[in-house]
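**Q** Before I ask anything, here is the structure I am working with.
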């Protein structure tokens, strides 16, 4: 499907791609061929070469791609020999296509994942949950942009939108909530409007249809499961087993897990159907840039379920950057009420010490959750240290720390840049402490499945990446 | 599309006119010289394409090409065109803040940076690349005239100004600027840290008529505390254009 989409996009853009490439090509080689004459004052006249193919600010099509190949070892313990463990080979390709036309644009950000199981070792938990090969195509973003003069844009499709200030924790963002603590590539599906009031004020409004799509998908799965269940009762036991293998969701229907019908009802959440406006999630925000101070006010609303306004700021104090954001949930859907809201908040500071080619960055963020929802714990810390030497290496250590029943996820990484378009990356992810809540498995955070029923504690990997 | 030939013709006219109005005969003041430096290097509103090459001892030179949109009264928006590793990364430099957005990275929000930091590992600071005029941040004083040995132009009689930082937020403590006496074209700059240490030197050369502006097209910034380390910025294109204010809004960064 991705190839079809890309082929269509390529066909649409082919006409302007050549012009864009010409406009973006550096003028230097042409200039060398027709070296401009230099005057006595050292000035170079604008020769014929200077007039051709030099225009800055031209739009057009652009594409970048990252191809990644490597291996990863996941284990439910720190000693692979006595734990459930699995080795996986990693093969992925990430693409980012952009087209910027006059008054409109297209963006497609997608990924092909051909990673699979290389080998597995069964300890106490078994490895039956591991797929041997699971090719996957992920579309992170696919949207069209329509410009309204110089002041506004309408976006349609799947698009990332960070609501509020927070880059790590975003207590007010329920439209495109952070799916991981250090990775947020996937956008929400719907409509988005951005207005720029000069350079210092920005307004945004969004309508998310994610809940509608989820309800629709749950309905399709429920119908499929029902069909499989009916078929299963009219054939032999062995045939039924095959059907359940083909439709895993049908298997859950026979267990104590919620039935597909129940899942569909839950997804509808009282709505009459997938197109019911009660599943719409609305959001709006206003941002102001006042010198070194940035202010942000936002709100998310879904009828009868979510009412979450938030306020945040960030301030650059001579290189030390503070940011804080608070949100209150007034919805009657949970325990919260207009008179007794649930509170959420985050605060952090970032500092970078820079040399000519070295950068050392330190960051610390704190997050408070009044009620479990996006996160299971109430109090988190996220310390982060990174060092970069331009075009040589990049290294980081970061940890998500849960302060109740202390648990932590520690992430380490080292990327070497031996050539201009080639990276060599070493990563490690470790689970520490009691491991409850979101710390129960690393598989939520690592791009690999759990090696078995046991708790995943360790994942190490090495990857080679080529940029195009 | 903008007609570059027409713009060049207009630019040449404006350049000639402004040259004739400059008080070069009557010993310009320090402020006149700093204003002339600003007008020689920057347009009020423009788009440009620049290639930056950094050389360090023992390492192969690294190159980066980026496209910028600037307004003197607002700031600069930059997007990296090459190399492939950093292609697509965008920067927004405003008064008091600097933002970076990487469409390929895992963050939906732009990341806030400090404008004092090095720009992409070069010997230029973020402020060097983003700033479109010196007179906002520096107070000039006349220094004795001198003759410099320019690597391209040979011996050149120069007027000299000491431009001291107006506030602690400026990237440098002082910049000494050498301008050609005949037309106030900047040819050399020396950058001092707030401690008073001279640590960078920039030579401006290859003066070129871009149509909208005639200015040095090559700027070689040398690090004096790291021998053999220098960055060369080559202005490949610069074009006068009315850049809308919305370009300097964070909405534009994440569009």
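Quick note: the coordinates plus some simple rules give every number you see, no bench work behind them. What you see is a predicted model, and the numbers here were worked out from it, not measured in a lab. All Cβ positions, glycine included, derive from the backbone under ideal geometry; neighbour counts span all protein chains shown.
**Q** Applying 1/(1 + (r/R0)^6) with R0 = 22 Å to the Cβ-Cβ distance of residue B:197 and residue A:358, what FRET efficiency is obtained, to the nearest 0.05?
**A** 0.75
**Q** Determine, for B:35, A:285, the number of other Cβ atoms within 10 Å of each Cβ, and report the residues in order from fewest to most.
**A** Ascending Cβ contact count within 10 Å gives the list B:35, A:285.
**Q** Obtain the nm distance between the two label points defined at residue B:183 and residue B:242 by a simple spin-label model: each point lies 7 Å from its Cα along the Cα-to-C-beta direction.
**A** Going by the 7 Å Cα→Cβ label model, 2.9 nm.
**Q** A further question follows. Most exposed first by the Cβ proxy, i.e. fewest other Cβ within 10 Å, how do A:427, A:346 rank?
**A** Starting with the residue having the fewest Cβ neighbours, the order is A:427, A:346.
**Q** For residue A:205 and residue A:286, calculate 0.36 nm times their separation in residues minus their Cα-Cα distance, and state this gained length in nm to one decimal. Walk me through the numbers before you get to the answer.
**A** Working: separation 81, 0.36 × 81 = 29.16 nm, distance 0.90 nm.
The residue A:205-residue A:286 span can extend by a further 28.3 nm.
**Q** When ranked by the protection proxy of mean other Cβ atoms within 10 Å per residue, highest first, what sequence do the peptides A:366-375, A:189-198 form?
**A** So the order, starting with the most tightly packed, is A:189-198, A:366-375.
**Q** Also, quick follow-up: If each of residue B:105 and residue A:381 carries a label point 7 Å out from its Cα toward its Cβ, how far apart are those two points in nm?
**A** About 2.4 nm, to one decimal.
**Q** Here is a further query. Give me A:61, B:99, A:351 ranked fewest to most by other Cβ atoms within 10 Å of their Cβ, as a rough exposure proxy.
**A** Fewest-to-most Cβ neighbours within 10 Å comes out as A:351, B:99, A:61.
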